[in-house]
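Asks: Just dropping this structure here.
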Amino acid sequence: MSDSVERPNSLRSGPDDHGRFGIFGGRFVAETLMPLILDLETAYEEAKKDPAFKAEMDDLWTHYVGRPSPLYYAERLSEHLGGAKIYFKRDELNHTGSHKANNVLGQILLARRMGKKRIIAETGAGQHGVATATFAARFGLPCVIFMGATDIERQKPNVFRMRLLGAEVVPVTSGTGTLKDAMNEALRDWVTHVEETFYIIGTVAGPHPYPAMVRDFQSVIGREVREQMMAAEGRLPDSLVACIGGGSNAMGLFHPFLDDEGIEIFGVEAAGRGVDQGDGHHAASLTGGRPGVLHGNRTYLLQTDDGQIIDGHSISAGLDYPGIGPEHAWLHEVGRVNYVSATDREALDAFQTCCRLEGIIPALEPSHALAHVIKLAPTLPSDHLMVMNMCGRGDKDVFTVAAALGVDVDEN
Amino acid sequence: MKTETRLDKKFAALKAEGRAGFVTYVMAGDPDLETSFEILKGLPGAGADIIELGMPFTDPMADGPAIQAAGLRALKGGQTMDKTLDLVTRFRQDNQDTPIVLMGYYNPIYSYGVDRFLEAAKAAGVDGLIVVDLPPEEDEELCLPALQANINFIRLTAPTTDDKRLPAVLANTSGFVYYVSMTGITGSRDIDSGGLKTAVQRLQTQGKLPVAVGFGIKTPSHAKMVAQVADAAVVGSAIIDQLAAHLDDQGAATEGLVPAVLTFTGELAGGVRSARS
């Protein structure tokens with residue numbers, strides 16, 4: 001496919017004026033929302049140029065989130081795999097336990113600039129919901145989190161965390177009660193409360209300008225890696241690996257490196273029980289889906305022949321979204337990023353390997369990235385520098401992992 | 001110059017009669033294909049001047065619970081785009097007069113293929129399209145090809161559509177303009193009568209097209225009130241509520257369903273027709 005798609009001089013210049021990355025992206029929303037989306041775009045363009053906006057963000061990144069996150073040489077894992085030299089970008093050490101804080105901080109500062117009085121967000125696994133509830137508490141803004149009823153059942157600790165932080169968690173029973181339905185409900189809330197509400201989307205998806213804006217806020221990850229790797233090794237890495245649900249942590253790591261041609265980039269989708277098991281058994285939109293339009297953008301989607309959306313499956317609630325950010329869809333078509341997948345089983349194995357060898361309990365999401373690292377690293381020379389984004393910590397997942405391993409936590 | 005469409009003719013006829021039109025919305029395939037066809041066939045006789053036929057979608061982001069549920073019932077019953085177009089074909093065998101507007105979301109159309117869809121829709125006897133998630137910014141996707149195929153593309157305008165934006169929204173709209181009488185999702189709130197007249201007149205002046213008002217009409221008196229100020233009143237959720245009230249425990253149609261829906265439609269039509277007498 002890469003031959004047929006036009007590739008611009010820089011891969012970092014998108015989106016175009018229509019919010020498109022090639023044919024992907026755009027603004028596929030109801031007319032009611034269009035004026036808000038245009039306002040948001042204007043406000044964001046102004047904020048980007050305002051040194052005070054950046055200064056406030058930098059200050060809170062340092063003192064509240066805990067940035068920069070370390071770039072850590074995973075020595076024992078590297079030795080164990082016997083190939084590439086593996087580094088973890090430790091974004092799981094951020095306040096709230098994942099990379100989600102990077103984006104929520106940016107958007108909530110923008111909401112304040114725009115004079116918005118109420119924050120809403122969708123959440124799947126609850127990490128974005130917790131990050132949003134946290135910053136809403138920090139800035140004294142009322143906050144409503146939409147979460148699928150099925151996910152609420154799967155992620156009870158995060159639901160309680162959000163409530164502790166003062167957020168209202170609204171169970172979404174429409175559709176199948178998962179992330180996509182939570183996003184539908186958040187969009188419905190937004191069209192009903194257009195004037196006062198700011199919708200904080202948690203990933204690099206949605207109508208323009210969200211995919212670009214979330215990417216920009218997350219790109220702090222990749223910018224830090226560039227500096228940190230130069231300091232540690234005197235050169236840039238040879239490869240990058242990150243997991244992908246919607247794809248915000250991956251885009252944050254990848255984007256600053258897209259024009260460095262020698263660097264190989266891998267995005268790892270969730271293959272669930274296996275992409276070859278068919279619809280409903282995986283969440284690999286690029287591997288098992290095709291282009292369509294949902295939630296404001298054109299991208300690869302899991303869908304039936306008749307254009308109806310299919311629910312994804314993954315052991316990781318943060319990856320089972322039936323779509324993917326439009327910039328990833330484009331990077332897939334131009335062939336810049338290699339999109340691969342890892343199954344539930346591979347992720348579980350990687351999860352345990354990381355716990356035992358590195359003393360780090362990873363979230364199930366980056367465990368998918370780690371599964372690919374485990375496949376790739378042994379095939380590479382010892383001077384190959386590989387960076388994997390450890391985008392979240394696994395405390396939230398211990399019950400899921402216990403269940404998958406057949407362990408009764410209460411009995412131990 | 002475009003030829004006059006069935007929608008243009010209908011609004012001209014309504015104007016000659018000196019009354020507002022009554023637009024009904026039902027979901028294709030809800031609760032099953034044949035019941036849905038019986039309703040469709042009966043709507044003109046019950047007083048519907050124009051029919052909006054919903055194309056079911058798994059993720060109807062701008063719709064409230066009633067229409068969400070209707071779409072899921074239809075999908076569960078096996079409704080597809082081909083079956084929806086086939087309903088229109090069958091309807092047209094006996095009715096050449098009542099315009100049909102397909103309403104829904106872009107993905108099922110995009111998945112079907114825009115050119116293939118427009119060809120099939122035209123052949124079936126579809127007169128217009130309302131695609132909720134295609135604002136003017138995305139006109140090249142479907143709006144312009146539809147106009148090329150002489151199918152009307154009807155746009156939603158909202159209270160949030162300001163003066164700066166209105167010309168762009170109206171630019172490629174044809175057939176009629178659909179004014180969403182409040183911000184929010186379908187069927188969610190009661191009508192605010194205060195600003196409605198002003199809003200409709202603003203659209204009539206700027207758009208030079210008939211203005212239909214929807215989202216919130218639940219009773220014959222609501223319908224009458226809207227018909228006093230607009231060129232047409234649209235009712236969707238309230239009709240679907242009637243349908244849903246006549247489903248059995250398994251979600252299947254009961255014997256009384258079709259008559260109940262058509263009787264209720266007739267009462268609403270009465271409200272519309274009494275508005276300017």
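Asks: Based on Cα positions only, what radius of gyration and what Dmax would you give for chain A, in angstroms?
Replies: Cα radius of gyration and Dmax of chain A are 19.7, 59 Å respectively.
Asks: Which residues in the range B:214-240 have a backbone N closer than 17 Å to a point placed 7 Å from the Cα of residue B:13 along the Cα-to-Cβ line?
Replies: It comes to B:232-233, nothing else.
Asks: Of all the C-alpha pairs in the range B:20-273, what % are more than 26 Å from each other?
Replies: Values: 10944 of 32131 pairs.
Across the range B:20-273, Cα pairs with separations above 26 Å total 34 percent.
Asks: Here is a further query. Mark the label point 7 Å from the Cα of residue A:112 along Cα→Cβ and return the residues of the range A:16-54 whose backbone N is within less than 12 Å of it.
Replies: Answer for the range A:16-54: A:53-54.
Asks: A follow-up question, please. Please report Rg (one decimal) and Dmax (integer) in Å for the Cα set of the range A:259-412.
Replies: Final numbers for Rg and Dmax: 16.4, 52 Å.
Asks: Which value at 222 nm does chain A reach when only helices count, each DSSP H run of 4 or more adding -39,500 (n - 2.57), with the total divided by all residues and rounded to the nearest 500 deg cm²/dmol? List each step's numbers first, then the result.
Replies: Details: 16 runs with 167 residues, N = 412.
Result for chain A: -12000 deg cm²/dmol, rounded to the nearest 500.
Asks: While we're here: Check the range B:20-273 and count each lysine pair with an alpha-carbon distance under 27 angstrom, considering only pairs eight or more places apart or from different chains.
Replies: 15
Asks: Are there GluC sites (Glu not before Pro) in the range A:236-305 that DSSP marks as loop and that have at most 14 other Cβ atoms within 10 Å, and which are they? Walk me through the numbers before you get to the answer.
Replies: Details: sites: A:261, A:264, A:269; in loops: A:261.
Sparse-neighbourhood loop GluC sites (Glu not before Pro): A:261.
Asks: Subtract the Cα-Cα distance of residue B:123 and residue B:34 from 0.36 nm times their separation in residues, and report this length gain in nm to one decimal. Don't skip to the end; give the middle numbers.
Replies: Values: separation 89, 0.36 × 89 = 32.04 nm, distance 2.10 nm.
Taking 0.36 nm per residue and subtracting the Cα distance, the gain is 29.9 nm.
Asks: Here is a follow-up. Over all residues in B:105-117, what is the mean tally of Cβ atoms on other chains that come within 10 Å of each residue's Cβ?
Replies: Values: counts 5, 6, 12, 8, 2, 7, 11, 3, 0, 0, 0, 0, 0.
What the average comes to for B:105-117 is 4.
Asks: While we're here: So how far, in whole Å, is the C-alpha centre of the range A:135-182 from the one of the range B:197-257?
Replies: Their Cα centres are 33 Å away from one another.
Asks: Turning to a different aspect of this structure: Ignoring ligands, DNA and RNA, please state the percent of accessible area on the range B:20-273 from carbon and sulfur, probe 1.4 Å.
Replies: Numbers: 4360 of 8630 Å².
That share works out to 51 percent.
Asks: Moving to a separate point now. How much of the accessible area of chain A, in percent, comes from carbon and sulfur atoms when a 1.4 Å probe is used? Provide the component values of the computation, followed by the final result.
Replies: On the way: 7130 of 14260 Å².
Result for chain A: 50 percent of the exposed heavy-atom area is carbon or sulfur.
Asks: Assuming a strict under-21 Å limit between Cα atoms, what lysine pair count do you get for chain A once near-sequence pairs (fewer than 8 apart, same chain) are dropped?
Replies: Lysine pairs meeting the criterion: 16.
Asks: Still on this structure: Ignore the peptide's own chain and count Cβ atoms of other chains within 10 Å of each Cβ in A:287-294; give me the average, rounded. Before the final figure, lay out each step's value.
Replies: Values: counts 0, 0, 0, 1, 3, 5, 12, 8.
Mean inter-chain Cβ contacts per residue within 10 Å come to 4.
Asks: Would you mind computing Rg(Cα) / (2.2 N^0.38 Å) for the protein assembly as shown, counting N as its residues? Intermediate values should be presented prior to the final figure.
Replies: On the way: Rg = 26.3 Å, N = 689, 2.2 N^0.38 = 26.4 Å.
Scaled against compact globular proteins, the figure is 1.00.
Asks: Please compute, for peptide B:156-167, the average count of beta-carbon atoms on other protein chains lying within 10 Å of each residue's beta-carbon.
Replies: Details: counts 3, 2, 8, 2, 10, 4, 1, 0, 2, 4, 0, 0.
Per-residue shielding by partner chains comes out at 3.
Asks: Here is a further query. With r defined as the distance between the Cβ atoms of residue B:260 and residue A:6 and R0 fixed at 51 Å, what FRET efficiency is calculated, to the nearest 0.05? Provide the component values of the computation, followed by the final result.
Replies: On the way: r = 57 Å, r/R0 = 1.11.
E between residue B:260 and residue A:6, to the nearest 0.05, is 0.35.
Asks: Starting from the 7 Å offset along Cα-to-Cβ, what nm value, one decimal, do you get for the label separation of residue B:172 and residue A:398?
Replies: 5.6 nm
Asks: Among bridges DSSP assigns within the range B:20-273, what percent are antiparallel (round to 5)?
Replies: Taking every DSSP beta bridge with both residues in the range B:20-273, the antiparallel ones total about 5 percent.
Asks: Here's something else I'd like to know. Quick check on the range A:228-347: what are the equivalent-ellipsoid semi-axes from the Cα gyration tensor, as sqrt(5λ), descending, whole Å?
Replies: Working: eigenvalues 150, 50, 23 Å².
Square roots of five times the eigenvalues give 27, 16, 11 Å.
Asks: If contacts are Cα pairs under 8 angstrom and at least 6 residues apart, what is the relative contact order of the range B:20-273 in percent? Don't jump to the answer; show the numbers that get you there.
Replies: Values: 478 pairs, mean separation 58.0, N = 254.
Here the relative contact order equals 23 percent.
Asks: Now, a different point. How long are the three semi-axes of the equivalent ellipsoid for the range A:143-296, computed from the Cα gyration tensor as the root of 5 times each eigenvalue, in whole Å, largest first? Provide the component values of the computation, followed by the final result.
Replies: On the way: eigenvalues 194, 86, 51 Å².
Square roots of five times the eigenvalues give 31, 21, 16 Å.
Asks: Please work out the FRET efficiency for the pair residue A:56 and residue A:164, using the Cβ-Cβ distance as r and a Förster radius of 22 Å; give the result to the nearest 0.05. Before the final figure, lay out each step's value.
Replies: On the way: r = 26 Å, r/R0 = 1.18.
For R0 = 22 Å, the calculated efficiency reads 0.25.
Asks: Using each residue's phi in the range A:258-270, evaluate 6.51 cos²θ - 1.76 cosθ + 1.60 at θ = phi - 60° and report the 3J(HN,Hα) Karplus result to the nearest Hz, with x for Gly and Pro.
Replies: 4, 8, 8, 4, x, 8, 7, 10, 10, x, 10, 8, 8
Asks: For the pair residue B:250 and residue A:276, how long in nm is the line joining their label points, each one 7 Å along Cα→Cβ?
Replies: Using points 7 Å along Cα→Cβ, the separation is 3.9 nm.
Asks: Next up: Note down the nm distance, to one decimal, between modelled labels 7 Å out along Cα→Cβ at residue A:23 and at residue A:230.
Replies: Those two pseudo-labels are separated by 3.9 nm.
The values are calculated or read from the model by the stated rules, or taken from the named source; none is laboratory data. All values reported here derive from a predicted model rather than from experimental measurement. Quick reminder, even Gly has a Cβ in these numbers, built from the backbone with ideal geometry, and neighbours come from all protein chains shown. Calculation scope for accessible area: heavy atoms of the full protein, side chains included, ligands and nucleic acids excluded. Shrake-Rupley method; radii C 1.70, N 1.55, O 1.52, S 1.80 Å.
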